[in-house]
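The values are calculated or read from the model by the stated rules, or taken from the named source; none is laboratory data. On a predicted model such as this, the values are computed, not experimentally measured, just so you know. All Cβ positions, glycine included, derive from the backbone under ideal geometry; neighbour counts span all protein chains shown. Accessible surface areas use protein heavy atoms only, side chains included; no ligands, DNA or RNA. Shrake-Rupley method; radii C 1.70, N 1.55, O 1.52, S 1.80 Å.
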Amino acid sequence: MKADISPIRISFCCTNTDPEPWLTGLRAALPLAEVSVWQPGVPAADYAVVWAPPQAFFDEQSQLKGVFNIGAGVDALMKLRLPPQAVVVRLEDAGMAVQMAEYVCQAVIRHFRDLNAYAEDARAGRWTFYKPRQRSDFPVGVMGLGVLGARVAQALQHFEFPVNGWSRSPKVLEGVHGFSGAAQFNDFLASSRMLVNLLPLTPDTTNILNRDTLGRLQPGGYVINVARGAHLVDDDLLALIHSGHLAGATLDVFRTEPLPPDHPFWQHPKVTITPHTSARTLRSESIAQIADKISAMQRGEPLSGIVNVGSGY
Ligand code: NAP
Ligand code: GLV
């Protein structure tokens, strides 16, 4: 359904994104809006649709009412000086939660069922069996029980893994053993063997996957990082794999992206990598969500997904 709003200006400023399909989609969803790609000197806009914009964008467009991030994570935005009156809004699910659930479940199952070893055996022409493992020996801890973490925790239960969850504030999710805050972090880690990171990147969570915290996982631990590369101290992960405390990792995000060609993760036999693709922004779902929220703001109605700039997510 097309939104009915009075004329507004929307500025599009998204790094590494082909603007044309976004402009077409936003114009179709908000037919009374003027939507254009930002470049220095263009007229002042009411709303911005952004991904990793330069500081110059906000310095010039200081009158913005709303800034819509075309991703769930706002860590790149939080590094910038934003117009203080602008409401910052992130994507909520918009088709990402199911993608994240399928990615994490496949990583957990791939490890639990020894599928990497079977694939290697198949390549070598070997018909080998590995001993079936007990699901109860593989509790999965999900760090972050927001839009994506909650969906992942729910999906893992379909495969009957014991699921622990950790968040800043206490959460009650059916079937999930909940832990919250710094006081319960060590207990959460000690209760988990496989660890899934779905935290936002903030000053409190940077480097949170390190030698001390990962060393608290149950022996034979496995790490799945699908949030941000700067959550993980790469050398600490490698040292714990080398010592045998961790069995390996699946990593979708990295401190430097693309992952530099000489990084040890590329060739490591116990590390599976993908190029930041676990939950992609889906254009039509995202445009529909952003258009609905701009319309709600125009009508003076409340909206969800507003970033708390103080806490950084
Ligand atoms: P969200 O809804 O904001 O959820 C964040 C969760 O983290 C909340 O449960 C929050 O606790 C918890 N949290 C935040 N700070 C914490 C802390 N210091 N200690 C403990 N828990 C803390 O975010 P989301 O939509 O699920 O997205 C999560 C992240 O996934 C994004 O920020 C982004 O970095 C990443 N992501 C990656 C991809 C990819 O393709 N790899 C795609 C999309 C998103 P409360 O519930 O108590 O607030
Ligand atoms: C992707 O990483 C996102 O934050 O949406």
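Points to keep in mind about this one:
- Residues of the stretch 190-205 that are more than 10 Å from ligand 1 (Cβ to nearest atom) and among the polar types (S, T, N, Q): S191, S192.
Okay, residues lined up against (1) in contact (Cβ under 8 Å) with a residue 24 or more places away in the chain; (2) away from ligand 2 (no atom under 16 Å from the Cβ):
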position: L189; (1), (2): yes, yes
position: S192; (1), (2): yes, yes
position: L214; (1), (2): yes, yes
position: Q218; (1), (2): yes, yes
position: A227; (1), (2): yes, no
position: H231; (1), (2): yes, no
position: D252; (1), (2): yes, no
position: D262; (1), (2): no, yes
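- The stretch 126-147 residues that are on the phi > 0 side of the Ramachandran plot, paired with ones that are of a type outside the set (F, W, Y) and more than 16 Å from ligand 2 (Cβ to nearest atom) (beta carbon under 8 Å, 6 or more apart): G144/S167
- Residues of the stretch 87-135 that are touching a helix residue (DSSP H, G or I) at 6+ places or on another chain (Cβ under 8 Å), more than 12 Å from ligand 1 (Cβ to nearest atom) and assigned to a loop (DSSP other than H, G, I, E, B): W127, T128, Y130, R133.
- Residue that is within 16 Å of ligand 1 (Cβ to nearest atom) and not in a strand (DSSP E or B), where the choices are G25, G71: G71
- Counting only residues that are within 16 Å of ligand 1 (Cβ to nearest atom) and charged (D, E, K, R), the stretch 222-263 holds 4 of them.
- If you go through the stretch 40-60 and keep only what is in contact with a Phe, Trp or Tyr (Cβ under 7 Å, 6 or more places away or on another chain) and farther than 17 Å from R90 by Cα, you end up with just F57.
- Looking across the stretch 204-244, the residues that are open to solvent by 30 Å² or more (accessible area, probe 1.4 Å), under 30 Å from L77 (Cβ atoms), of a type outside the set (D, E, K, R) and out of contact with any strand residue (DSSP E or B) (no Cβ under 7 Å at 6 or more places or on another chain) come down to T206, N207, N210.
- Scan of the stretch 56-84 for residues that are of a type outside the set (A, V, I, L, M, F, W, C) and open to solvent by less than 40 Å² (accessible area, probe 1.4 Å), ordered by number: Q61, G66, N69, G71, G73, D75, P83
- Test for V87: is it open to solvent by 10 Å² or more (accessible area, probe 1.4 Å), out of contact with any strand residue (DSSP E or B) (no Cβ under 9 Å at 6 or more places or on another chain) and of a type in the set (V, I, T): no
- Criterion: of a type in the set (A, V, I, L, M), within 25 Å of A97 (Cα to Cα) and away from ligand 2 (no atom under 16 Å from the Cβ) - qualifying residue of A48, A56: A48
- Test result for P31, surrounded by fewer than 17 Cβ atoms within 10 Å (Cβ to Cβ), part of a loop (DSSP other than H, G, I, E, B), at pLDDT 95 or above and out of contact with any Gly (no Cβ under 7 Å at 6 or more places or on another chain): yes
- Positions within the stretch 182-208 being over 20 Å from the mean Cα position of the chain (by Cα) and more than 21 Å from Y222 (Cα to Cα), in sequence order: A182, A183
- Members of the stretch 231-269 that are of a type in the set (F, W, Y) and part of a loop (DSSP other than H, G, I, E, B): F254
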